[in-house]
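*Asks:* Let me give you the structure first, and then I'll get to my questions.
Nothing in this text is a laboratory measurement; each read-out follows from the coordinates by a stated rule. It should be emphasised that the depicted structure is a prediction, and the values quoted were computed from it without experimental measurement. So basically every Cβ, Gly included, is an ideal-geometry build from the backbone, and we count neighbours across all protein chains shown.
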Ligand SMILES: [Zn+2]
């Protein structure tokens, strides 16, 4: 069974690759948001604790988050259910706590997989979106908007939303790098980091991941 941490920048396509892996390896994709909502809905002890922080507008402490993850994954271990963590851990202390948790469960992380896409390419992908002023439909121009291009739906004028502008995306990229670089180094030190080239078609990238899993005898 796979126990995977997936790393990659915004625009790296890791979310969609996680969906492919989920199918192929019969794994569950775990996002911390969903886990929290589930516990709160079930009104569990950990759910109540999490809610008390969220109600105050505070972040849920790592210890509570790991408690929830421990409960869910222990249940998965019993059922031999693999899982993919997307969006967790976000910090080195969280990564440390995750490895300690797995250690206590007597299992090991399959790997932390980084889908590696050069920053310039991420910026190009993320800043390619244009929106119609009239009907709000969007269009992607990864190689830049051709001069005089108009909305394909209604012929309206196209503009870039602030979120899609290059400056905004460069800022997002700085935040991502600042948070993720230490995490990458941490998993590297633990010999758990694997990287694959994230350039190419969607199928090429899935193929690379599956080849890597085969090589590591991850099923
Ligand atoms: Zn339009």
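*Asks:* Can you give me the pair-distance distribution of the chain, C-alpha pairs, 5 Å bins, whole percents?
*Replies:* 1, 6, 12, 15, 16, 15, 12, 10, 7, 4, 2, 0, 0
*Asks:* Counting only the backbone N, which residues of segment 146-166 are under 16 Å from the spot 7 Å out from the Cα of residue 137 toward its beta-carbon?
*Replies:* Zone members listed by number: 149-159.
*Asks:* Residue 202 versus residue 44, label points 7 Å from Cα toward the beta carbon: distance in nm?
*Replies:* Simple spin-label model gives 3.3 nm for this pair.
*Asks:* Given a Förster radius of 25 Å and the C-beta distance between residue 104 and residue 174 as r, what FRET efficiency does 1/(1 + (r/R0)^6) yield to the nearest 0.05? Write down the numbers at each step before the final one.
*Replies:* Working: r = 36 Å, r/R0 = 1.42.
So the FRET efficiency works out to roughly 0.10.
*Asks:* Order 151-162, 8-19, 205-216, 116-127 from most to least packed using the mean count of other Cβ atoms within 10 Å. Write down the numbers at each step before the final one.
*Replies:* Details: 151-162: 13.3, 8-19: 19.2, 205-216: 15.2, 116-127: 16.9.
The peptides rank, most packed first, as 8-19, 116-127, 205-216, 151-162.
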